[in-house]
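Asks: This is the structure I want to talk about, given as structure tokens.
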Amino acid sequence: MIKKAWYKEGVVYQIYPRSFKDSNGDGIGDLRGIIEKVPYLKSLGVSIVWLSPVYQSPNDDNGYDISDYKAIHPDFGTMSDMDELIEVLHKVDIKIVMDLVVNHTSDEHEWFQKSVNREPGYEDFYHWKKNKGNWSSFFGGEAWTYHEIRKEYYLHLFSKKQPDLNWDKLEVREAVKDIVKYWLDKGIDGFRCDVINLIGKEDGLPNGKFSLILRGREHYLNHPKSHRYLQELAKDVLNQYDCFTVGETGFTTPEIACLYQKEDLRELDMMFQFEHMAADNHFVKWFPKKFKPMNLKKPLSKWQNGLNGKGWNTLYLENHDQTRSVSRFGHPDWYSESAKMLATMLYFQQGTPFIYQGQEIGMTNANFTELSDYKDIESLNIYQLARKKLLYSHRKTMKLLSIASRDNARTPMQWDDTADGGFGSDRPWLKVNPNNVTINVKNNLRDEDSILKYYQKIIQLRKQYPIIVYGDYQDLHFKDKNLYLYQRTYNEESMIVICNFSKKFITIPDDIDLTGYIKILSNTASEERLLSPYEARVYYKESTKKA
């Protein structure tokens, strides 16, 4: 029997503050803008908000390079605004989760400056080497940079302005615990732990084996040390609060996930895995391939079956690092149907749903045509790498950015059809997607058949039927390349989810017996057993004991 918890029954809405709502017209979304939109969040039905970083930061990586964990960046407002946001959300029964970015800090953090100058207690707060290692960075290029003052190389698995903390040092772990406690005492309800499975590094930081991507990863990915560090954090701080953690954990398997999610240790309550994010690429998003539904079905099914009764899944298709799902996995000729079908396919599985801002109205990729339109450091680094090292043409590289750049998910939220999309500024930090003329919250709210209204129905059904949250998962007709069918069972209740992942008309297989079931959701009206292109249906049958 699965242990019940509020974070399992909740629905999370991720806000990327810079792009959500600008309250003062400076072109940057802010905390007061979020406060203004709390009624919208409540009407959508979500019960948890995940707030991407709003800490003090030089913004080399849009806030994921933190220079002060206990201060709010002036772009977003003040600590008083943050306190008010927590209070306002809690008043309408919405919990709030913050990003915890502690694999690395900004190079402008006080700790790093002290480490550079070898101040007592801080000399080995970060990873330093006299001789350059050969590890590579997630953002392209080398992961070691020489510092002229210290006369040594420091490790940065991401930007050179994001030096990695040395978790082997007790003082580092104590400093992290202090940060976590500070925010929990303010009323934060949990954390999304950024790249948390990278915090443990092999002693001596040895050179990595030859690899075309991420050389050195065998020395830090899911290192055994990470488990010890997370157990210590849970024991000393997290277990003292009614909170939850979700870890961003790339390069994991269900077996590894179960190690992180052991109930008696509680290192992480749930995890973001990325296998299904390779459904349209060759393992890395910068090497795209044609999308096939089976490439999405296989990893989703693998994780559903792998964690069933052992751990807890996160149900997501989008976030601030992933491009828009309807552009990736949907079909432009069946835009609305495919957006609704994707939501049905995903959010009736076992796990906690994560909705990324704009996903609920079907926001699409921006497809910028000018390099100057892009602001994302990863994208700009990849552009240079592709042009200089891979000898890609400008046109080919721009096509690649239009498919895979993180900025596709970071364009301002489309509230209405005005020039700035209702974001609140004539000159937003990132261009508004011009299709906001048709795709926006205002239009969705007045259309009873909109994608937004469909999301509201799904969220309401999750609250109404415990089987959606806690039911077991079983694939049906798994080898079918066009249909995604699965069954949920709970306390002798049953639910069948049927999704047509194609532009064909398809008949429901004869052995799918729907006798006694009622259809509780569908994204289109069609014949009894004939599915329209990208149609989705959900059927429910109550227990015979209830009947």
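Asks: Skipping prolines and chain starts, which residues have an amide H placed within reach, meaning under 5 Å, of the one on R215, given they are 5 or more residues away or on another chain?
Replies: Result for R215 returns S136.
Asks: For segment 300-356, build the charge dipole from Cβ charges (+1 Lys, Arg; -1 Asp, Glu) around the Cα centre, then report which of F348, N319, Q304 sits farthest towards its positive end.
Replies: Checked the options; the winner is Q304.
Asks: Next up: With label points built 7 Å along Cα→Cβ from the Cα atoms of E110 and K169, find their separation and express it in nm.
Replies: Here the modelled spin labels are 1.5 nm apart.
Asks: Q384 label point, 7 Å along Cα→Cβ, cut-off 17 Å on backbone N: hits in segment 122-149?
Replies: 136-147
Asks: Another question about this same structure. Normalized C-alpha radius of gyration of the chain, against 2.2 N^0.38 Å?
Replies: On the way: Rg = 23.3 Å, N = 547, 2.2 N^0.38 = 24.1 Å.
In units of the globular-protein estimate, the chain measures up at 0.96.
Asks: Can you tell me the dipole magnitude for the chain around its Cα centre, using point charges on the Cβ only (Lys, Arg +1; Asp, Glu -1), in Debye to the nearest 20?
Replies: So the magnitude is around 1680 debye.
Asks: Label-point separation (nm) for D236 and E148, each offset 7 Å from Cα along Cα-to-Cβ?
Replies: Placing both labels 7 Å along Cα→Cβ, they lie 3.7 nm apart.
Asks: What does the charge count around G63 come to, taking other residues whose C-beta lies under 10 Å from its C-beta (Lys +1, Arg +1, Asp -1, Glu -1)? All intermediate terms of the calculation are to be shown ahead of the outcome.
Replies: Numbers: positive: R18; negative: D60, D61, D65, D75, D99.
So the surrounding residues net to -4.
Asks: Okay, next question. Please work out the C-alpha center-to-center distance from segment 201-221 to segment 313-330 and express it in whole Å.
Replies: Going from one Cα centre to the other spans 29 Å.
Asks: In nm, what is the difference between 0.36 nm times the number of residues separating K289 and R118 and their Cα-Cα distance? Can you show the working numbers first?
Replies: Numbers: separation 171, 0.36 × 171 = 61.56 nm, distance 4.78 nm.
56.8 nm is the gain from fully extending K289 to R118.
Asks: A further question on this structure: Of K289/K481; K302/K453; K4/K70, which pairs sit farther than 28 Å apart, going by alpha carbon to alpha carbon?
Replies: Working: K289/K481 17 Å; K302/K453 30 Å; K4/K70 33 Å.
Among K289/K481; K302/K453; K4/K70, the Cα-Cα distance tops 28 Å for K302/K453; K4/K70.
Asks: Using R₀ = 35 Å, calculate the FRET efficiency as 1/(1 + (r/R₀)^6) where r is the Cβ-Cβ separation of K504 and Q460; round to 0.05.
Replies: Result of the calculation: an efficiency of 0.70.
Asks: Okay, moving on. First measure r as the distance between the Cβ atoms of T253 and T489, then evaluate 1/(1 + (r/R0)^6) with R0 = 30 Å and state the FRET efficiency to the nearest 0.05.
Replies: 0.75
Asks: Now for a different question. Amide H to amide H under 5 Å from A71: which residues, 5+ apart in sequence or cross-chain, H placed 1.01 Å off N in plane?
Replies: Q56
Asks: Just to verify a number: FRET efficiency for K310 and K479, C-beta to C-beta distance, R0 = 41 Å, to 0.05?
Replies: 0.95
Asks: Name the long-range amide H neighbours of T105: under 5 Å, sequence gap of 5 or more, or other chain; modelled H, no Pro or chain starts.
Replies: L165
Asks: Can I ask one more? Within segment 447-547, list the GluC sites (Glu not before Pro) lying in a DSSP loop whose Cβ has at most 13 other Cβ atoms in a 10 Å radius.
Replies: Numbers: sites: E448, E492, E493, E527, E528, E535, E542; in loops: E448, E492, E527, E528, E535, E542.
Here the sparse-neighbourhood loop sites are E448, E492, E527, E528.
Asks: Pop a pseudo-label 7 angstrom from the Cα along the beta-carbon direction at both K262 and I520 and give the gap in nm to one decimal.
Replies: Label at K262, label at I520, 3.6 nm between them.
Asks: To the nearest Å, what is the center-to-center distance of segment 250-284 and segment 163-192, using C-alpha atoms only?
Replies: Going from one Cα centre to the other spans 22 Å.
Asks: Lysine pairs in segment 141-196 8 or more apart or on different chains: how many have alpha carbons under 20 angstrom apart? Can you show the working numbers first?
Replies: Numbers: K151/K160; K151/K161; K169/K177; K169/K181; K177/K186.
The result is 5.
Asks: Can I ask one more? Can you report the principal axis dimensions of segment 470-541 using only the alpha carbons, biggest first, rounded to whole angstrom?
Replies: If we take the Cα atoms of segment 470-541, the spans are 36, 25, 21 Å.
Asks: Could you derive backbone 3J(HN,Hα) for segment 9-23 from the dihedral phi with the Karplus parameters 6.51, -1.76 and 1.60 (θ = phi - 60°), listing whole Hz in sequence and x where the residue is Gly or Pro?
Replies: 8, x, 10, 9, 10, 8, 10, 9, x, 4, 10, 8, 7, 9, 8
Quick note: the coordinates plus some simple rules give every number you see, no bench work behind them. In this text, all values refer to a predicted model and were calculated from it rather than measured experimentally. We place every Cβ from the backbone using ideal geometry, glycine too, and count neighbours over all the protein chains shown.
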